[in-house]
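Colleague: Got a structure here, written out as structure tokens. Questions coming.
The values are calculated or read from the model by the stated rules, or taken from the named source; none is laboratory data. Nothing here was measured: the structure is a model prediction, and the numbers come from that model. Every residue, glycine as well, gets a Cβ built from its backbone with ideal geometry; the counts of neighbours run over all protein chains shown. Each accessible area value is taken on the protein alone, full model and side chains, heavy atoms only, with ligands, DNA and RNA left out. Shrake-Rupley method; radii C 1.70, N 1.55, O 1.52, S 1.80 Å.
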Amino acid sequence: MTVGIATPRVEAPLKVTGAAKYAADIYPPNTLYGVLVGSPLAAGKLLAVEADEARALPGVVRILFAQDLPHIGKLEAPAAVTRMPMQDDVIEWEGQPVAIVLAESIEAAEQAASRIRVRIEPHAPDTPGRGRLERPPETFYKPQESKGSISEGLAAADTIIRESYFQPTRNHNPMETSAAVAAWDGDRLTLWDATQMTLNPLQVMAAAFGIPVENVRIISPHTGGGFGCKGFVWPHEILAAAAARVTGRPVRLQLSRAQQYSMVGHQAECRQTVTLGATRDGKLTAVRHEAINTCAISDTQFEAPAAASRSYYASPNIETDQQIERIHLICSTPMRAPIEGPGSWALESAMDELARALEMDPLDLRLANFAEAAPFDGKPWSSNKLREAYAEASEVYGWRSRHERPRQDGIWRIGHGMSTASTFCARMVGKARVRVRADGVTVEASANDIGTGNQTVFALVAAETLGISPDRVTIQWGDSEFPPAGPVYGSSQTMGMGSAVQHAAQDARRKLQLYGATEEGPLDLPELLRRANVAEIEGDGSFELPGGRSFNGSGTPYAMQSWGANFVEVGVDPDLGLVRLRRVVARYSAGRIINPLTARSQMIGSIIWEWGKATMEASIVEPTHGRFLAKNLSNVAIPVNADIPADIDVGFIDEYDEYASPIGARGIGELGATGVAAAIANAIYDAVGARVREVPILPAHILAGLSAA
Amino acid sequence: MRDFAYALAERVEDAFAANGGDVFAIAGGTELLNWMRLGIAAPATLVDIGRLDSLRTIRRTGDMLEIGALATLNEVGQHAAVREHARALSQACLAAASPQIRNRATIGGNLLQKTRCAYFRAEAPLPWGCNKREPGSGCAARDGLNERHAIFGWTDQCVATMPSDPAVALAALDAEVELHGPGSIRRLPVRDLHLCQEEAAALAGDRADAAATVETRLTPGEIIVRYLVPVTSARSAYVKVRERASYEYALVSAAVTIAVEGNRIARASIMLGSVAQKPWPLSTETIIGLPPERAALLPALRQCLADARPLEHNRYKVAMAAGAAMRALVEAGDLA
Amino acid sequence: MLPRLGAAASRVTIALTVNGKPVSADVEARTTILDFLRDRLGLTGIKKGCNEGACGTCTLLIDGQRMNGCLALAVQCDGRDLTTIEGLADGDRLHPVQEAFIRCDAFQCGYCTPGQILSAVACIDEGHAGSEAEVREWMSGNICRCAAYPQITAAVLESTARMER
């Protein structure tokens, strides 16, 4: 038994000693330091890039403009920006790359970049609230969907809530800014890249440079956090490779923190309106969820928050309506957790308001509307233990007796809030290889390490399948030379690659059976290999899906979703408007948990992610200039250690989902980042009677809410 | 950053070469390096005063606490004499920045830090008007996103606040700052070290365009060498209000000193931080004689703030400042 | 010897100690100790997070005190004794803080981890690890976006206890 046992990370010694290498830690001989110059304006026509002064600075080797680059042409997903910068004179966002400085040192490159003057014929940029509204194309969901009739549902309701909720643009801000190091050898490219999916830059580089995929090698041993912003391929990655090609020298390029705002994506602003109708007993008769996301001019990506209401609660009538508003800002990109992350902010706040209006306990309202099957199409769930999650979490929290406890702790007014967590189930294909030798086993896959603990999952699964101890398993990852792995985004890695590794290990075990290995139980590898008279036995495995992917159980008879129950205690200081987190209890229905140690850390990390969203994070787009006002970490707040109490109690309901994946797992990486923001707002309301419908809930909002009350 | 020349100062007098133009002094460098990265300053020469150990001493002499300008924020904040006799200063120092920055940032440099206004703190070339960065270009914050900006002392040309925590405490504690310059030694009350925009404009007269660049009364070549904090029987406290629990600038802050007799406030001083480009004094007339308790203080303090001039997005600072001052008075009162 | 006033120079020869070893180099005055350690000495354990002192990712020890590498010039480190993450373990024997970080799962992506660990070593040394609340406050200079905070705090408290014994 190794799966299910708390196991320290396989790569832990590398990370605690500084031996772990990230993209910008790679310095091939003769490397040039590259710094991108971005457009200072959000919209217009590029007239000139004046670089004479910059070019003359000591240490500057070359400055590249559009005309110096190979033609790249229109890209496709997984390129995030399909209209590649530095190919024409159209400026569509502030920070859009217009030149590349290459120098012998970072100091020379940065100084030269600061001396370059970019001349643009300005157009007035479309900014949030002033852009063109559109219906987006169908992606996983149709932009407008309905079941039943909302008007009939509302007519049948005793109580109706209709409120709007706001979530601003936010940036992922991983601690590692995106980086790429490119080196060519003739027509062969090696790219060390900070990425969440090795195959993505592999595909895009081949397409961008018109070379076969076999000529591209992507190496990504460790990525310093992604949260979605390193999933797709951004212009700087292609530009680093282009600069290396043109100059004939390796080029290293790490985005500055400011460029992390303007050269890779963010989570789009979400403006949502939720309408809920219910009869007196709390049963929903109508759920209508409208959403508008900001969106780039030439590329289309949005967080689809309205779709959250398709799967949360049972209702005879459900309608979702998604629009996008095109603005002059860099294309957005998914953020932990898309769809239900922003969607739950609105829906779970509205449910709380409905509960208040009905004078019903918020937990009872959720229980009354528990969906026995997928609400929209009635498909049976692959596995759903949400009720158990509600029960256990509320019990541990002491939810039913919450108002019997003191409501004041010194200056702090105590409030309690709850919500439902839920995320989509994205299943993606992948392959893995297992090499069995007398002295141990190696697992190989191109999978990426962004800190989710996937390598340790592989080790546990391989060890269990082969009946050996996990410390005899070595993992090789992060290189396109290894079997192609699915992404570390979409909460899909454990399902996909855990299954692929199991499959590969089973393949190896079958081969070992020829030499007397049993079907199950421990194996004596030295003896088996001796009998086989080979140094190594290889097993190949994959996780396959018709059509290459499955979303929420598509292509199967089942609907698939993950759930949780969040219970949150906050303290509010009514004189200063401050809110502080005191306690969280959460329980999840997410299938089989392979490594409880890393799974716990994931949930805690995602709860804190929601704390940041709820109480401090915003990347404000300056309304006149159409660029982020602050592009740094000194004027944009993300949580610090002192914000977070030790008392965050997370756990999983024992569950095995045989339909989601052969290893019984579903996904957890994003689940904890749903519902918590609403639970916090609900708790603030419980504490001081102020209902805030925009995040971040700043002291100014609480003070305003208090003086209004 | 531009390529600059470096020299190590061997004596205090070496620092007089720093004219705030092509020559700057560097101590910890925790502010200056960021100015140079953003293009706020671009000196050709840095004079490193960071090893002038004679300016690092903290000691009590008689009824005065002397704090050397090169003492770090952690050194000041954790010094036994400061904790004992200038509690608000200890709290202010330890509430500033992060432990790493506090190990390097000096209390001299800290009071010379510049505003956190996001329009000001953008990388050159600025896409919007900022009279500090480019005199005459306007003030984008005046009618822009001004949640964090001033509610006192501002002009249409500049609405920035000055974010130093120790400045507010030193002002409330009635401290003086000693300045040495080429041919001069002088002392100023700390509360007069900084100028709000209205004061700077009055000084600038018909050179109004340049007023936004005038932030302190330092003359070229002058450096701060020490602070002198009177030791009294009053108790003090510093309250810093920010949306996250640490490592962040204040939304507003309050430093107070208080003497209590028979559960009534006998003497007090209140300075507010991050509401203006200098520590802003609140008149304490109306709170003398009140008990140092929330119910009595809050209405009186709100009255004291009646002459605040909030901007479009920062009205909340008025109530928040009253709350902060009240909290600081209650806290210090509990110790008195 | 550092240049004096009247002979200010933009290229300076510095001599310092890094992880117990003497280092001598010619540097530009504008080079930060962060970039010097990474680009010149190949000590890539120290990472760049924001380059403005707002995240603590680049924390190192200078004369035993924790500081941000992006806010210290290499020239200012002349004559000083630096410790980076590579200098913490004793050969194969991890420092108790490193071990505690592994046991408590106090990291995920690992990018902020070298800074967190050095900061933790200093935090304990300073006497600021006496309680959970104190550790949370005195470790707030190191931002972790993966948000391993409760585990980091636990690791600091656990290693303090071990080191005291």
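Colleague: Mind checking which helices (runs of 4 or more DSSP H) fall wholly inside the stretch A:595-709 and carry at least 1 residues that are within 14 Å of chain C (Cβ to nearest Cβ) and in contact (Cβ under 8 Å) with a residue 12 or more places away in the chain?
Modeller: It comes to A:596-615, A:676-688.
Colleague: Only residues that are open to solvent by less than 50 Å² (accessible area, probe 1.4 Å), modelled with pLDDT of 95 or more and not in a loop (DSSP other than H, G, I, E, B): list them for the stretch A:533-562, please.
Modeller: Passing the criteria: A:537, A:539, A:541, A:542, A:543, A:550, A:551, A:559, A:561, A:562.
Colleague: Quick test of your reading of the structure: residue B:275 fulfils all but one of (1) in a helix (DSSP H, G or I); (2) crowded, with 24+ Cβ neighbours inside 10 Å. Name the failing condition by number.
Modeller: With (1) in a helix (DSSP H, G or I); (2) crowded, with 24+ Cβ neighbours inside 10 Å applied to residue B:275, the lone miss is (1).
Colleague: Scan the stretch C:55-64 residue by residue and report those that are over 13 Å from residue C:33 (Cβ atoms) and within 7 Å of chain B (Cβ to nearest Cβ).
Modeller: Result: C:56, single match.
Colleague: Considering each residue of the stretch C:12-44, count those that are more than 9 Å from every other protein chain (Cβ to nearest Cβ) and either buried (at least 21 other Cβ atoms within 10 Å of the Cβ) or in contact with an Asp or Glu (Cβ under 8 Å, 6 or more places away or on another chain) (or both), and give that number.
Modeller: 12
Colleague: So which pairs qualify, if the first residue must be in the stretch B:130-151 and of a type in the set (Ser, Thr, Tyr), the second must be open to solvent by 10 Å² or more (accessible area, probe 1.4 Å), the Cβ gap must be under 7 Å, and the two must be at least 6 apart or on different chains?
Modeller: If the second residue must be open to solvent by 10 Å² or more (accessible area, probe 1.4 Å), the pairs left are B:137/B:129; B:137/B:130; B:137/B:131.
Colleague: Taking only the stretch C:70-90 into account, find how many residues are within 13 Å of chain A (Cβ to nearest Cβ), open to solvent by less than 70 Å² (accessible area, probe 1.4 Å) and of a type outside the set (A, V, I, L, M).
Modeller: 5
Colleague: Take residue A:462 and decide whether it is buried (at least 24 other Cβ atoms within 10 Å of the Cβ), touching a residue at least 40 places away in the same chain (Cβ under 8 Å) and within 21 Å of the chain's Cα centre (by Cα).
Modeller: Against the criterion (buried (at least 24 other Cβ atoms within 10 Å of the Cβ), touching a residue at least 40 places away in the same chain (Cβ under 8 Å) and within 21 Å of the chain's Cα centre (by Cα)), residue A:462 does not qualify.
Colleague: Then there is this: Scan the stretch C:105-114 and tell me whether some residue there is out of contact with any Lys or Arg (no Cβ under 9 Å at 6 or more places or on another chain) and part of a helix (DSSP H, G or I).
Modeller: No, because not a single residue in the stretch C:105-114 is out of contact with any Lys or Arg (no Cβ under 9 Å at 6 or more places or on another chain) and part of a helix (DSSP H, G or I).
Colleague: Taking the condition of being open to solvent by less than 40 Å² (accessible area, probe 1.4 Å) and within 14 Å of chain B (Cβ to nearest Cβ), how many residues in the stretch C:112-144 meet it?
Modeller: The qualifying residues number 22.
Colleague: Would you mind finding the one in A:451, A:490 that is within 14 Å of chain C (Cβ to nearest Cβ), buried (at least 24 other Cβ atoms within 10 Å of the Cβ) and on the phi > 0 side of the Ramachandran plot?
Modeller: Every option except A:451 fails the conditions.
Colleague: Counting only residues that are in contact with an Asp or Glu (Cβ under 6 Å, 6 or more places away or on another chain), give me the strands (runs of 3 or more DSSP E) lying completely in the stretch C:45-97 with at least 1 of them.
Modeller: C:81-83
Colleague: Quick one: would you say residue A:336 is open to solvent by 10 Å² or more (accessible area, probe 1.4 Å), touching a residue at least 24 places away in the same chain (Cβ under 8 Å) and over 23 Å from residue A:126 (Cα atoms)?
Modeller: yes
Colleague: Here is a further query. Looking at the stretch B:111-129 only, could you name the residues that are within 19 Å of residue B:52 (Cβ to Cβ) and open to solvent by 20 Å² or more (accessible area, probe 1.4 Å)?
Modeller: Residue satisfying the conditions is B:112 alone.
Colleague: Report every pair of residues separated by at least 6 positions or lying on different chains whose Cβ atoms are under 7 Å apart, first residue within the stretch A:31-53 and at pLDDT 95 or above, second in a strand (DSSP E or B) and among the acidic types (Asp, Glu).
Modeller: Pairs that qualify, where the first residue is at pLDDT 95 or above and the partner is in a strand (DSSP E or B) and among the acidic types (Asp, Glu), are A:44/A:121; A:45/A:121; A:47/A:121.
Colleague: With respect to residue C:50, determine if the residue is of a type outside the set (Asp, Glu), within 17 Å of residue B:29 (Cβ to Cβ) and at the interface with chain A (Cβ under 10 Å from one of its Cβ atoms).
Modeller: yes
Colleague: Given the conditions (1) surrounded by fewer than 21 Cβ atoms within 10 Å (Cβ to Cβ); (2) over 24 Å from the mean Cα position of the chain (by Cα), and given that residue A:43 satisfies all but one, which numbered condition is not satisfied?
Modeller: Status for residue A:43: all satisfied but (1).
Colleague: Determine if the stretch A:201-212 includes at least one residue that is within 20 Å of the chain's Cα centre (by Cα) and under 20 Å from residue A:451 (Cβ atoms).
Modeller: So far as the stretch A:201-212 goes, yes, one or more of its residues are within 20 Å of the chain's Cα centre (by Cα) and under 20 Å from residue A:451 (Cβ atoms).
Colleague: Here is a check on your reading of the model: is residue A:376 at pLDDT below 95, over 24 Å from the mean Cα position of the chain (by Cα) and either closer than 30 Å to residue A:497 by Cβ or not acidic (Asp, Glu) (or both)?
Modeller: Yes.
Colleague: Next question. Quick check on the stretch B:301-336: of everything there that is surrounded by 17 or more Cβ atoms within 10 Å (Cβ to Cβ) and more than 14 Å from chain A (Cβ to nearest Cβ), which residue is farthest from residue B:243 (Cα to Cα)?
Modeller: B:336
Colleague: Among the residues of the stretch A:148-183, which ones are buried (at least 24 other Cβ atoms within 10 Å of the Cβ), more than 14 Å from chain C (Cβ to nearest Cβ) and in contact with a Gly (Cβ under 8 Å, 6 or more places away or on another chain)?
Modeller: Once the filter is applied, which keeps residues that are buried (at least 24 other Cβ atoms within 10 Å of the Cβ), more than 14 Å from chain C (Cβ to nearest Cβ) and in contact with a Gly (Cβ under 8 Å, 6 or more places away or on another chain), the stretch A:148-183 yields only A:153.
Colleague: Could I ask something else about it? Filter the stretch B:118-133 down to residues that are within 9 Å of another protein chain (Cβ to nearest Cβ) and either of a type in the set (Asp, Glu) or farther than 19 Å from residue A:95 by Cβ (or both), then give me how many there are.
Modeller: Going through the stretch B:118-133 one residue at a time, the tally reaches 1.
Colleague: Hey, another quick one. Return the residues of the stretch B:245-272 that are under 30 Å from residue B:146 (Cα atoms), open to solvent by 40 Å² or more (accessible area, probe 1.4 Å) and free of Cβ contacts under 8 Å to residues at least 60 places away in the same chain; say none if nothing qualifies.
Modeller: Matches in the stretch B:245-272: none.
Colleague: For the stretch B:1-114, list the helices (runs of 4 or more DSSP H) that sit wholly inside it and hold at least 1 residues that are more than 22 Å from residue B:180 (Cβ to Cβ); which are they?
Modeller: So the answer is B:32-38, B:73-78, B:80-85, B:87-95, B:99-102.
Colleague: So which of A:273, A:195 ends up being in contact with a helix residue (DSSP H, G or I) (Cβ under 8 Å, 6 or more places away or on another chain), of a type in the set (Ser, Thr, Tyr) and assigned to a loop (DSSP other than H, G, I, E, B)?
Modeller: Just a single option satisfies the conditions, and that option is A:195.
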